[in-house]
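Have a look at the structure below, then the notes.
The values are calculated or read from the model by the stated rules, or taken from the named source; none is laboratory data. Nothing here was measured: the structure is a model prediction, and the numbers come from that model. Reconstructed Cβ throughout: ideal geometry from the backbone, glycine too, with neighbour counts over all protein chains shown.
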Amino acid sequence: MTTTVKLFCSAGMSTSLFAQKMQQEAEKRGLDYDVKAYGLAEVDSEGPKADVIMIGPQARYMVDEVTKKFPETPVKDIPMQMYGLMQGDKGLDLAIELKG
C-alpha cells in the first residue's frame, strides 16, 4: 500500500524540489511512497489524503493549526538545515519515522 506524504509551504515552490528528492530516495530504496508538495492554501483539500504531513521551515508556524485539523495524521516541520541542504534522504527517514 502506498504511503502518501504531503509537504506544505507558503507557495509550494521550494518544497517541490525537496519533495522530488524524497521521492527519488524512496524509489532508490524500493519503497512505495508518493511524495508531493503543495501550497498552504491546499492544506484543507490535500491534508485529508495524507498519511504524513510535513511543513516547510518557512511555514513552521502552521504546525499546531494543521495538527488540530488532522489529529489522526502525523504533522512535523522540516528542520531548516535538512531543508536548506535539500537532504531528501533524511526527509524520507523523517517521514518513515513519523509514519511509525
For a quick check of your reading of the model, give me the residue pairs whose first member lies in segment 27-47 and is of a type in the set (Asp, Glu) and outside any strand (DSSP E or B), whose second is surrounded by fewer than 12 Cβ atoms within 10 Å (Cβ to Cβ) and modelled with pLDDT under 95, with beta-carbon atoms closer than 8 Å and at least 6 apart or on different chains.
32/1
Name the single residue that is nearest to residue 80 (Cα to Cα) among those in segment 19-66 being of a type in the set (Ser, Thr, Tyr) and within 13 Å of the chain's Cα centre (by Cα).
38
Mind checking which pairs have a first residue in segment 8-24 that is under 19 Å from residue 51 (Cβ atoms) and a second that is among the basic types (Lys, Arg) and crowded, with 18+ Cβ neighbours inside 10 Å, Cβ under 7 Å, 6 or more apart or different chains?
19/36
Segment 1-18 - residue that is within 18 Å of residue 72 (Cβ to Cβ) and not hydrophobic (A, V, I, L, M, F, W, C) and, of those, farthest from the chain's Cα centre (by Cα):
2
Where residues in segment 27-76 are closer than 17 Å to residue 4 by Cα and aromatic (Phe, Trp, Tyr), which of them is surrounded by the fewest Cβ atoms within 10 Å (Cβ to Cβ)?
70
Going through segment 54-100 in order, the residues found to be of a type in the set (S, T, N, Q), closer than 20 Å to residue 23 by Cβ and out of contact with any strand residue (DSSP E or B) (no Cβ under 6 Å at 6 or more places or on another chain) are 87
